[in-house]
Each structure stands twice: as C-alpha cells, then as structure tokens.
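The values are calculated or read from the model by the stated rules, or taken from the named source; none is laboratory data. All of these numbers come straight from a predicted model, not from anything done at the bench. Every residue, glycine among them, receives a Cβ derived from its backbone with ideal geometry; neighbour counts consider all protein chains shown. The protein model used for the area step is the full one, side chains on, heavy atoms only, and it has no ligands, DNA or RNA in it. Shrake-Rupley method; radii C 1.70, N 1.55, O 1.52, S 1.80 Å.
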Amino acid sequence: MKFATKVIHAGIEPDPSTGAIMTPIFQTSTYVQVAPGDHKGYEYARTQNPTRHALEHNLAALENGKAAICFSSGLAAQDAVIKLFKSGDEVLSVNDLYGGSYRQMLRVWGAWGLKSRYIDMGDAAAVEHAIGPDTRLLWIETPTNPMLNIVDLEAVCAIARKRGILTCVDNTFASPFLQNPLDLGADIVLHSATKYIGGHSDVVHGCLIVNDAELAERLHFIQNACGAVPGPQDCFLILRGIKTLHLRMQRACENAAAIAQYLTAHPKVARVVWPGLATHRNHEVARRQMRMFGAMLSFDLKDNSIESANKVLSGTELFSLAESLGGVESLIGHPASMTHASIPREERLKVGLSDSLIRLSIGVEDVDDLIADLDAALGSV
Ligand SMILES: *Cc1c(COP(=O)(O)O)cnc(C)c1O
C-alpha cells in the first residue's frame, strides 16, 4: 500500500457491531466479562482501548514499523523511551534538540542518574568519535528546531548499530510523509503528534514506532505500567487528522519552497535557513533522506536587531505569533525570546540562533496571501 492509501485505510476496519465507517470513540474505562477471564480482548482501558488500537495500527503502517505505542503527549513518549535505561547510562543527543526534551533529559532524568551529552550530529564521524563507554542511546532530531540542521540517519544509525547502541529519532518536524527513520536503520521513531500528524492544533498526543517485537513489548509494558495513555477522543482526533496528512504536507512544503525563494531575494533578509536551499549545510543529505524539504523555515534580518525582528513579528496578519507548529494555519515565532529564551545568549549565538532569527511554521493557506503578508511586515522594518 502506498502512503496516500495507508493514511486512510491502514489499520482501520468498519466497526463490527454497527458498520460505522469511522472508528468510534470508545469512551469507556472497563469492559464486561462473560465469566472471569472470558472477554473479547479488552479488560481495562489503560491497557486496551479499540480507538487507540486502530490509531496504533495506522501509525505503525505510516512509519513502516511493526508496532506503535501511543502516549498522552510527545514528552510522555520520550519519558517511556528513557525508562528503558538505568541510572549511569548515557544519552548522546543533538545539541539543538527540542527545549522540552532537553529539560526532561537534564532536570528530570538527570536527577535519577541519567547522563546526557549534547553534540553537533551534522557530521557522522564526529558522532562516532563522541560515543563513550556508557553511551546507550543516540537521541536524534532531524530537521532540528529552529536551525533546521539535518542528521544523516543512515550513517549515524549504522554507527550506533555497530556499537550496540539504540537510536531514537524524533521525527516530529518531518512527519512520516517526508521521512521514515526505521527504513534508514533507526530503532525507535518518536512523534509529537500534536504537530503535523494531528495537524489541526486541537490535540496534544505522542507516539513511538518500532520494528523489533521485543522492544515493542518493553514499551507496551511501560505504557501500561506507567499509564501516560491518551484518551479515546484524542485518538479519534489524531486518526481524523491523519487522513489528510499527505495533502497537508505536500501543500505546506510547496508553500515553503515559494516562501524560501521570496525571502532569499528580499533586500532586508540576511539568511534563509531551509533544507531545500542549495546553500543549506546538509542539503545533499536532506535530498537523499527526505521526500520533500519540510515546511519549517527560519530567517534573520540584515540589521540583526531584536527591534526589527519585533516589527516583523507583530506586523503579520495571517501568520499568528505563537509557539508550536505543524497545523494547517501559518505561525511565526521568535526563538530567542520564546522557545529558546532559557538558553544563554552566547550559547544561542554559537549554534547560529541570532537575535533577529524568525521561525515560520508554514501552513496550507494560499501562498500568494502568505507572501503578501510577509511582504507587508518586512516593509515596516
Ligand atoms: C512539540 C515537540 C515535542 C514535545 O511534544 P508534546 O506533544 O508537546 O509533548 C517533542 N519534540 C519536538 C521536535 C516537538 O516539536
């Protein structure tokens, strides 16, 4: 089955009791048993829920995996991955990972004895060099936020596999439409389905997808034992969002390509960061491992002042000033004062995150309107 068919059909069966074509929201906490132990495979809703099961089968198919395990948020999914390890183990991670992932790794799991180090994974040889005696997990994001760095998944996962180290790829920014890390050698794929997979900015949800049956069993055990499961209504909303994932991603990526071109030619723009541009540091790797180049884009201004950035940020009408990404509507944000405000200025500058850097999550609106909106805002600088 190809992707556009999978989003609509994989794992989805008409409801056997009524024929309902859409998976019902099974809003129940328990299931009646005929006699002790004699039931239909459903005992208690933390452990099993039919709406969640349909979603898990669908997500597994989208990432070419054998099993998906769903959680109440992307960070709850990360929490489950870290619980596979023990005190003294080390996670080697990309150095510009999602702020919430960094906070959990450092402040929650650090207090339990997890060691973590953060490196530039743009160069696979540097990853091999950084692996230490306690390294048990590589935590990879590609593209990253907001610098849109690309990690060569095939090369880095091969290094980890050779050394007996697990790899977890946070595939939130790409979505399964653009990139399938399991096919490139990763052990675990993580999504904040809050973003592109849900796609409508109306639900918080996370999932893990794996190919290995034993790993799936351990993660299912953690899902049930720790209990950060999503509710059935949230699962329904994610299933509904997925049905148009391919259409939304395609349009958003096309819009991003046009906006990247427009911004590159703009006299007030210093630099446009988007993996689809030949000027991007790892453009060739992106071309190889992604189907399109994504709909997240960052740029900074020639005068590089926070004041000018603020004029652009408050000057748009269609691009809403907000955190998050991946919805049908376009968003604009200022990483230095919003998502990355807790990072010291010198650290920010080292990874290229300048004072005037503006991040766009490009939606599926008409691209002429989006460009006109940016043009008016940039005109005020
Ligand atoms: C939002 C996000 C997360 C966290 O997901 P939640 O659903 O908000 O818990 C993790 N990684 C990336 C890349 C994200 O954008």
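All of Ser87, Ser29, Ser101, Ser17 fail the test of being of a type in the set (Gly, Ala, Ser) and under 17 Å from the mean Cα position of the chain (by Cα), apart from Ser101. With respect to the conditions (1) small (Gly, Ala, Ser); (2) within 16 Å of the ligand (Cβ to nearest atom); (3) touching a Gly at 6+ places or on another chain (Cβ under 8 Å), Ser324 lacks only one, and its number is (3). Among the residues of the range 315-330, those identified as among the aliphatic types (A, V, I, L, M) and farther than 19 Å from Gly379 by Cα are Ala322, Leu325, Val328. Checking the range 145-168 against the condition returns no match, with no residue being within 13 Å of the ligand (Cβ to nearest atom), hydrophobic (A, V, I, L, M, F, W, C) and either without any contact (Cβ under 8 Å) to a residue 40 or more places away in the chain or not assigned by TED's automatic domain parsing to the domain that holds Glu56 (or both). A count restricted to the range 118-139 and to residues that are among the basic types (Lys, Arg) and either without any contact (Cβ under 8 Å) to a residue 12 or more places away in the chain or assigned to a loop (DSSP other than H, G, I, E, B) (or both) stands at 0.
Results for (1) closer than 30 Å to Met292 by Cβ; (2) buried (at least 18 other Cβ atoms within 10 Å of the Cβ), shown as yes or no for each residue.
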site	(1), (2)
Arg117	no, no
Ala126	yes, no
Asp152	yes, yes
Cys157	yes, yes
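Here Thr144, Thr167 are screened, and the one residue that is part of a strand (DSSP E or B) and of a type in the set (Ser, Thr, Tyr) is Thr167. Can you tell me which residue is farthest from Ala155 (Cα to Cα) among those in the range 290-310 that are of a type outside the set (A, V, I, L, M, F, W, C) and open to solvent by 20 Å² or more (accessible area, probe 1.4 Å)? So the residue we want is Glu307.
Take the range 171-196 and flag every residue that is touching a residue at least 60 places away in the same chain (Cβ under 8 Å), more than 10 Å from the ligand (Cβ to nearest atom) and either touching a helix residue (DSSP H, G or I) at 6+ places or on another chain (Cβ under 7 Å) or of a type in the set (Asp, Glu) (or both). Result: Ser175, Pro176, Phe177, Leu178, Gln179, Pro181, Asp183, Leu184, Ile188, Val189. With respect to the conditions (1) open to solvent by 60 Å² or more (accessible area, probe 1.4 Å); (2) under 28 Å from Val203 (Cα atoms); (3) of a type in the set (A, V, I, L, M), Leu313 lacks only one, and its number is (1). Scan the range 189-217 for residues that are more than 26 Å from Ser330 (Cα to Cα) and either hydroxyl-bearing (Ser, Thr, Tyr) or assigned to a strand (DSSP E or B) (or both) and the total you get is 3. Filter the range 197-209 down to the residues that are in contact (Cβ under 8 Å) with a residue 40 or more places away in the chain and open to solvent by 10 Å² or more (accessible area, probe 1.4 Å), then identify the one that is nearest to the ligand (Cβ to nearest atom). Applying the filter and picking the extreme gives Val204.
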